[in-house]
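J.: The structure under discussion is supplied below as structure tokens; questions concerning it will follow.
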Amino acid sequence: MQRISNKSIIVSDKTMSFREKIYLPAIISGMIITFSHLFRKKTTIRYPEVKREFSAIYRGRQVLKRDDEGRERCTACGLCAVACPAEAITMMAAERKTGEENSYREEKYAAVYEINMLRCIFCGFCEEACPKEAIFLTEKLVFSDYERGNFIYGKQDLLEPVDPQNRIDVSKRETPEMLAFKQEINLRHNKK
Amino acid sequence: MVKVTIDNIPIEVEEGTTILNAARKIGGKIVPPAMCYYSKLAGSGGKCRTCLVKVAKSSAKDPRPMPKLVASCSTPVQDGMEVLNITSPEVIETRKAIVEFLLINHPLDCPVCDQAGECDLQDLSFSHGMANTRTIESRREFPPTDIGPFIKLHMNRCILCYRCIYVANQITDKRVHGILFRGDSSEISTYIENVIDNDFSGNMIDVCPVGALTDKTFRFKSRVWFLKPMDAHRQCTKCSGRVTAWMFGDEIYRITGRKDQFGEMEEFICNECRFGKKEFSDWIIDGPRKIKRQSVISASYYENMIKPSVINPIGEIMEETE
């Protein structure tokens, strides 16, 4: 037959042998593959009972950290907000009054600190920009809700509790460089 | 007219001009930074040493180089002078050391300081300084003090540039503050809790290169990069009334003078304009102010932004049917 182009493929039309005609060897080899999968390691987990471990670099919802004495670290410098590519962060600063030294570490503090979780893309730039190690991304999730307004997380949602037992561990997110920075005694906020 | 060459750029200037002003006539990157010199204040300069330059050739008559680096803000030019600023590695190295000296007693509280974002020392140390500090000694600490109803003094941020002293001497009619003590322990003070309430005293805030003198009415209100600087003016009997209004939406957060490309105020403004008039209706807005792209203030600053008209398709349909 004359081929018009060399793109066309000649389909083979060979007849099956007796071994192929009885189909049994093919079925058995297929079943061996199927049963071998039963004894393999499962790729799925039984979710509500078993929970998968988060990656060490997982970035979930933010936490506003307190220092060792329970004072808020955030000083409302606005660097997280200016670094935020989604413009999700807003804040209002206030001046610390005498008698509030145990609540706020610096002279200035964030009276209002809001993150719009609908805008947040969890890039972690706020954590990177923070000069006071006040904001960290955690393994917590942002839950679904019926109201848009409930996605604007204020200080009551973000701030970690004062109680030392309920503190949120962010040691995974602290890089060796950051820990070295914390040891730097020349920096005023590291001084005791 | 004398001819000088600054960083291989020749320029003709009048006799008696300082090297710094000659460089400012050329403009651009070769202008030495100045922390204490202020062209509008007579006698200022010569204190901070950030403007040090190398004079490779003193003049046409005496071609020897000057033995040491000279302060460009107080050295007059001579005919045939050859000056090296950014082309000399010695100057760059010295400037780095000068920044370190200026920062010996300057606290690293930029996150708290209201000046952050428009601070000359911050810019200077970012462009010329080192990333970390080598000193282990504790810095000087003073409690923040109120000098007058409008100005807050943070003495630990002061770099002793004397600009505010010159403002009080030359712009206001009576100076009530000054530098007390000497050397390492010098500090700006009113000595006995005195009140600075002169009509033009607010200009001290604008001339301060650091956050030592800050606006009490703007204290911790916002960060400068969240605000939009707008040129505004009003009829004022005391001053020109031409200011920069720092706005957030339709709210005016603070009023400052208009700063030129060298960070100096174009005109000094009175306290009534600066502190008294913070209503939108007090001012006529001329338009947005030009901000350098490199400045953090331009971070949330959109030029040519048109506010979208209210999007309400249902409303439009309803109006049509009526």
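J.: Out of the residues in region B:247-260 that are among the hydrophobic types (A, V, I, L, M, F, W, C) and either closer than 14 Å to B:Gly276 by Cα or out of contact with any helix residue (DSSP H, G or I) (no Cβ under 7 Å at 6 or more places or on another chain) (or both), state the one that is surrounded by the fewest Cβ atoms within 10 Å (Cβ to Cβ).
T.: Per the stated criteria, the residue is B:Met247.
J.: In the list A:Ile135, A:Ile89, which residue meets the criterion of being crowded, with 21+ Cβ neighbours inside 10 Å and either away from chain B (no Cβ under 14 Å) or touching a Lys or Arg at 6+ places or on another chain (Cβ under 8 Å) (or both)?
T.: A:Ile135
J.: Still on this structure, I have one more. Determine which member of the set A:Ile10, A:Ile45 is hydrophobic (A, V, I, L, M, F, W, C), more than 30 Å from A:Lys140 (Cβ to Cβ) and assigned to a loop (DSSP other than H, G, I, E, B).
T.: Only one candidate passes the filter, namely A:Ile10.
J.: Look through B:Cys73, B:Cys113 and report the one residue that is within 30 Å of B:Arg219 (Cβ to Cβ), assigned to a loop (DSSP other than H, G, I, E, B) and in contact (Cβ under 8 Å) with a residue 24 or more places away in the chain.
T.: After ruling out the rest, the residue left standing is B:Cys113.
J.: While we're on this one: If you go through region B:173-192, how many residues are in a loop (DSSP other than H, G, I, E, B) and either in contact (Cβ under 8 Å) with a residue 40 or more places away in the chain or in contact with a Ser or Thr (Cβ under 6 Å, 6 or more places away or on another chain) (or both)?
T.: 3
J.: If a residue has to be within 14 Å of chain A (Cβ to nearest Cβ), surrounded by 12 or more Cβ atoms within 10 Å (Cβ to Cβ) and within 20 Å of B:Val91 (Cα to Cα) to count, how many in region B:127-149 make the cut?
T.: 1
J.: Quick one: count up the residues across region B:23-64 that are closer than 24 Å to B:Gln170 by Cα and not in a loop (DSSP other than H, G, I, E, B).
T.: 1
J.: Does B:Arg175 fit the bill of being of a type in the set (Lys, Arg) and either surrounded by 15 or more Cβ atoms within 10 Å (Cβ to Cβ) or within 14 Å of another protein chain (Cβ to nearest Cβ) (or both)?
T.: Yes, satisfied.
J.: Going through region A:31-43 one residue at a time, which ones are exposed (fewer than 10 other Cβ atoms within 10 Å of the Cβ) and not β-branched (Val, Ile, Thr)?
T.: Within region A:31-43, A:Phe35, A:Ser36, A:His37, A:Leu38, A:Phe39, A:Arg40, A:Lys41, A:Lys42 qualify.
J.: Can you name every residue in region B:23-48 that is closer than 17 Å to B:Gly80 by Cα and touching a residue at least 60 places away in the same chain (Cβ under 8 Å)?
T.: B:Ala23
J.: B:Asp123: at pLDDT 85 or above and away from every other protein chain (no Cβ under 14 Å), yes or no?
T.: For B:Asp123, the condition - at pLDDT 85 or above and away from every other protein chain (no Cβ under 14 Å) - is met.
J.: I'd like the residue in region A:69-82 that is part of a helix (DSSP H, G or I) and either among the polar types (S, T, N, Q) or within 9 Å of chain B (Cβ to nearest Cβ) (or both) and, out of all such residues, is farthest from A:Glu101 (Cα to Cα).
T.: A:Val82
J.: Next up: Can you tell me which of A:Ser103, A:Ser5 is away from every other protein chain (no Cβ under 14 Å), closer than 19 Å to A:Asp157 by Cα and either modelled with pLDDT under 90 or surrounded by 10 or more Cβ atoms within 10 Å (Cβ to Cβ) (or both)?
T.: On inspection, the qualifying residue turns out to be A:Ser103.
J.: Still on this structure, I have one more. Which members of region B:96-109 meet the condition of being facing chain A (nearest Cβ under 9 Å) and crowded, with 19+ Cβ neighbours inside 10 Å?
T.: Passing the criteria: only B:Asp109.
J.: Can you report the number of residues in region B:216-246 which are within 11 Å of chain A (Cβ to nearest Cβ) and of a type in the set (Lys, Arg)?
T.: 4
The values are calculated or read from the model by the stated rules, or taken from the named source; none is laboratory data. Keep in mind the model is a prediction, meaning the values are calculated, not measured. A quick note on method: Cβ atoms are made from the backbone with ideal geometry, for glycine too, and the neighbour counts reach across all protein chains shown.
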